[in-house]
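Enquirer: Provided herewith is a single structure, encoded as C-alpha cells, for subsequent inquiry.
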Amino acid sequence: MNKKGTYRQKYIAKTGDVLSHASSGMRLTVSKEIQDEYEEGKMLLLDKPLHWTSFDVVNKVRAILRIKKVGHAGTLDPLATGLLIICTGKYTKKINEYMSKGKEYTGSITLGAVTASFDLETTPEDHKDYSSIQVSDIEEAIKKFQGDILQLPPKYSALKQKGIPLYELARKGMELELHVRKANISAFEIVSIDMPVIHFRIACSTGTYIRSIANDLGEELGCGGYLSSLSRTKIGDMQIENALTIDNWINQLKPSTEE
C-alpha cells in the first residue's frame, strides 16, 4: 500500500469501500444567496462519519459550497464519530474559541492487547490474559485518570513535528519526539463492562487524548488495552443530538423543488 496516501485513500485501497457520502452532493449547485450566507459566516454541527478524517469533512463542505474559508474546531480521529464543529467564512475566526471548550465522549476500551496507534487503526498485538481482572480492579484503576493528569500523546496524532503531523511520520515508520501533556478529566464513568470490553463516558479538557487513556488504563491493569470505539457527544453546550449528518446538511441546501 502506498505509504504516502492519506488515511482515507489507504482505507479505500485496502477495503474497496469508497465510503458512504463520498460523492453525495457533488452535483449540487448552491445558490449565490446560500454561498454569500456561508461566506458571511456560519457554524455547523455535523456528525462525522466513521473512517472520515476531520479534513475530509472540511473538504466536502468546501467543495459543495465552493468557498475557500472553511475549517473545523477540533480534530476527530478517523475511527471516531460524533460532533464536529465546522466554521465557514468570517466564523473561522471563532475556531479557537470553540476549540477551547470542554469535550464529552462515549466509547469502549478493549483489554488484553495493545496497538501502536492506541486504537484499531493498527493491529492488536502483545495479547495478554485478562481473566483475573475484576470489576473492582477497573473501578480502582480509573481513579488514577480523574482530575489533573499527565499523558503522552499517541504517535498517530495530529500534533506536529517540524510542521509535519505525527500521524504522517508514524505511518512512514519515522522516529518521533513525544512530550508529556497536561489534561483534566472532570468525569470518567464506567457505563457497563462486558469483558474484555469496557464502555465509558468521559468529560475532559480540550486536547485530551482518549486513546492515551485507553492505553494507559490497560497498562495500569497489567493486561494492555486499546480504544475500540469513540464518539464525541458534546463540545461546551453543543450536543450531538443537534448535529446533522452530511447527507441531511446537503439536503437542506437543495432547492425545495429539487428531488
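The values are calculated or read from the model by the stated rules, or taken from the named source; none is laboratory data. These numbers come from a predicted model, not from an experiment. Counting neighbours? That spans all protein chains shown, and the Cβs are built from the backbone with ideal geometry, glycine included.
Enquirer: So, in the stretch 90-142, of the ones that are over 22 Å from the mean Cα position of the chain (by Cα) and at positive phi, which residue ends up modelled with the highest pLDDT?
Expert: 112
Enquirer: A further question follows. Those residues that are over 20 Å from the mean Cα position of the chain (by Cα) and without any contact (Cβ under 8 Å) to a residue 12 or more places away in the chain, I need them from the stretch 236-256; list them, please.
Expert: The answer is 248, 251, 252, 256.
Enquirer: Testing residue 51 on (1) assigned to a loop (DSSP other than H, G, I, E, B); (2) under 19 Å from residue 104 (Cα atoms), one condition comes back false. Which one is that?
Expert: Failed condition: (2).
Enquirer: Sticking with this structure for a sec: Would you mind stating whether residue 75 is part of a strand (DSSP E or B) and under 22 Å from residue 183 (Cα atoms)?
Expert: Taking the combined requirement at face value, the residue does not satisfy it.
Enquirer: Quick check on the stretch 151-188: of everything there that is touching a strand residue (DSSP E or B) at 6+ places or on another chain (Cβ under 8 Å) and part of a helix (DSSP H, G or I), which residue is nearest to residue 76 (Cα to Cα)?
Expert: Among residues in the stretch 151-188 that are touching a strand residue (DSSP E or B) at 6+ places or on another chain (Cβ under 8 Å) and part of a helix (DSSP H, G or I), the one nearest to residue 76 (Cα to Cα) is 166.
Enquirer: Let me ask another. So is residue 2 modelled with pLDDT under 90, surrounded by fewer than 18 Cβ atoms within 10 Å (Cβ to Cβ) and not assigned by TED's automatic domain parsing to the domain that holds residue 209 or not?
Expert: yes
Let's see how each residue does on (1) of a type in the set (A, V, I, L, M); (2) over 23 Å from residue 143 (Cα atoms):
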site	(1), (2)
210	yes, no
218	no, no
230	yes, no
244	yes, yes
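Enquirer: Which residue out of 148, 137 is surrounded by fewer than 20 Cβ atoms within 10 Å (Cβ to Cβ), assigned to a strand (DSSP E or B) and either among the β-branched types (Val, Ile, Thr) or outside the structural domain of residue 67 (by TED's automatic domain parsing) (or both)?
Expert: That would be 148, the only listed residue that is surrounded by fewer than 20 Cβ atoms within 10 Å (Cβ to Cβ), assigned to a strand (DSSP E or B) and either among the β-branched types (Val, Ile, Thr) or outside the structural domain of residue 67 (by TED's automatic domain parsing) (or both).
Enquirer: Does residue 152 satisfy the condition of being closer than 30 Å to residue 56 by Cα, in contact (Cβ under 8 Å) with a residue 60 or more places away in the chain and not basic (Lys, Arg)?
Expert: yes
Enquirer: If I filter the stretch 119-134 down to residues being surrounded by 14 or more Cβ atoms within 10 Å (Cβ to Cβ) and either without any contact (Cβ under 8 Å) to a residue 24 or more places away in the chain or hydrophobic (A, V, I, L, M, F, W, C) (or both), which single residue comes out as farthest from residue 180 (Cα to Cα)?
Expert: The selected residue is 133.
Enquirer: Still on this structure, I have one more. Looking at (1) touching a residue at least 24 places away in the same chain (Cβ under 8 Å); (2) outside any helix (DSSP H, G or I); (3) under 21 Å from residue 153 (Cβ atoms), find the lone condition where residue 45 falls short.
Expert: (3)
Enquirer: Can you name every residue in the stretch 199-219 that is crowded, with 17+ Cβ neighbours inside 10 Å and either farther than 28 Å from residue 100 by Cα or of a type in the set (Lys, Arg) (or both)?
Expert: Answer for the stretch 199-219, where residues must be crowded, with 17+ Cβ neighbours inside 10 Å and either farther than 28 Å from residue 100 by Cα or of a type in the set (Lys, Arg) (or both): 211, 218.
Enquirer: Hey, another quick one. Residues of the stretch 147-182 being modelled with pLDDT under 80 and small (Gly, Ala, Ser), which ones?
Expert: Hits for the stretch 147-182 are 157, 158, 163, 170, 173.
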